[in-house]
Amino acid sequence: MPRTIDWRDGAITLVDQTALPELRTVTIGTVEELVEAIRGLVVRGAPALGVAGALGVALAARTLDGAALAAAAERIAAARPTAVNLRWAVERALAAGPDGALAEALAIRDADIASCHAIGRRGADLLAELCEPRPLRIHTHCNAGALACVEWGTALGVVRDLHADGRLELVVADETRPLLQGSRITAVELAELGVPHRMVVDGAAASIVARGLVDAVVVGADRIAANGDVANKIGTYPLALAAARAGIPFLVAAPESTVDPATADGTQIEIEERAGDEVLALGGRRTAPAGADAWNPAFDVTPADLVTAIVTEERTWRP
Ligand code: MRU
């Protein structure tokens, strides 16, 4: 698997996440192409969106400066509203100026790789403390793996380290409706890692936890508010409720760039609403009758009191 996102010959290269499990790469040469790719989830996952945003500013800075560059940066930052990494990285690249944007974007790329490795180690060590001393069954949601970052992953970074330590029995992965990031993307990564895994429909997740079939839940995050409330893929909150009820750890694995001190709590997080068609159809075929309407929030907010710990590259935060 090539890097999820990179910079090659003056353009952004992406693994097309809409094509997986088929491996296809795309090259992005303009801001308009990038905005389309972000909206269409060709690139997705909070850390990857951050790197994409910063590289997008570097692309724009080749031909624009001043107000025109700021306007292009705003179009990129506004392409998806929930993952704070996108706006954070765009602003950093913009602040570096037209001559410094590329170097800043590449620094964000490299820092993300290092962060993921630190998060994986810290999360695996914490689970070793919190859980019984035997190989663990980990439940995860959506995709917070290498394909959501530059490489390695956050929640799946924890899984990688547990696996390397000989402390992993099984990963249970939710398919993640409506766009199937679990069964199309997480399953690809787990297979490549040789990690035993089973996919479940999202509706089975809480029951799997309640039946004692997993030892801990580990997920990523799109935005973490100052009080520790966590926005992540829709379906995360019910998993956190189930974990609290069952008395098992609910871990959030995310870089510091996902923590947004300007967002006081989860009520202030904008939740992206996506097109109803994603719910009313499956595999490109309409499943709901004509005239059926849908509600399609892409994320939910897990309150801080349901979170056992947030593991970043710098700290273990128990909100
Ligand atoms: O809509 P997506 O696929 O971009 O949502 C992704 C998630 O919810 C991830 O869990 C989150 O971005 C963390 S990725 C390390």
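The values are calculated or read from the model by the stated rules, or taken from the named source; none is laboratory data. What you see is a predicted model, and the numbers here were worked out from it, not measured in a lab. When we count neighbours, we look across all protein chains shown, and the Cβ atoms used for this are built from the backbone with ideal geometry, even at glycine. Please note that ligands, DNA and RNA were not included when accessible areas were found on the heavy atoms of the full protein model with its side chains. Shrake-Rupley method; radii C 1.70, N 1.55, O 1.52, S 1.80 Å.
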| message | Can you confirm whether Arg80 is modelled with pLDDT of 95 or more, of a type in the set (D, E, K, R) and farther than 21 Å from Ala164 by Cα? | response | yes
| query | Considering the stretch 7-37 alone, what residues qualify as being among the charged types (D, E, K, R) and open to solvent by 60 Å² or more (accessible area, probe 1.4 Å)? | reply | Arg8, Asp9, Glu22, Arg24, Glu32, Glu33, Glu36
| task | Tell me, yes or no, whether the stretch 229-236 has at least one residue that is within 16 Å of the ligand (Cβ to nearest atom), touching an Asp or Glu at 6+ places or on another chain (Cβ under 6 Å) and closer than 25 Å to Arg3 by Cα. | result | yes
| query | Conditions: (1) in contact (Cβ under 8 Å) with a residue 24 or more places away in the chain; (2) within 19 Å of Gly45 (Cβ to Cβ). Asp165 meets all but one. Number of the miss? | reply | (2)
| field | Filter result for Leu280 (without any contact (Cβ under 8 Å) to a residue 60 or more places away in the chain and either away from the ligand (no atom under 12 Å from the Cβ) or surrounded by 15 or more Cβ atoms within 10 Å (Cβ to Cβ) (or both)) | value | yes
| Being closer than 26 Å to Gly194 by Cβ and under 21 Å from the mean Cα position of the chain (by Cα), is that true of even one residue in the stretch 28-40? | no
| query | Does Thr302 satisfy being open to solvent by less than 20 Å² (accessible area, probe 1.4 Å), under 22 Å from Leu180 (Cβ atoms) and among the β-branched types (Val, Ile, Thr)? | reply | yes
| Only listed residue being over 19 Å from Gly29 (Cα atoms) and either without any contact (Cβ under 8 Å) to a residue 12 or more places away in the chain or more than 16 Å from the chain's Cα centre (by Cα) (or both), chosen from Gly97, Gly120 | Gly97
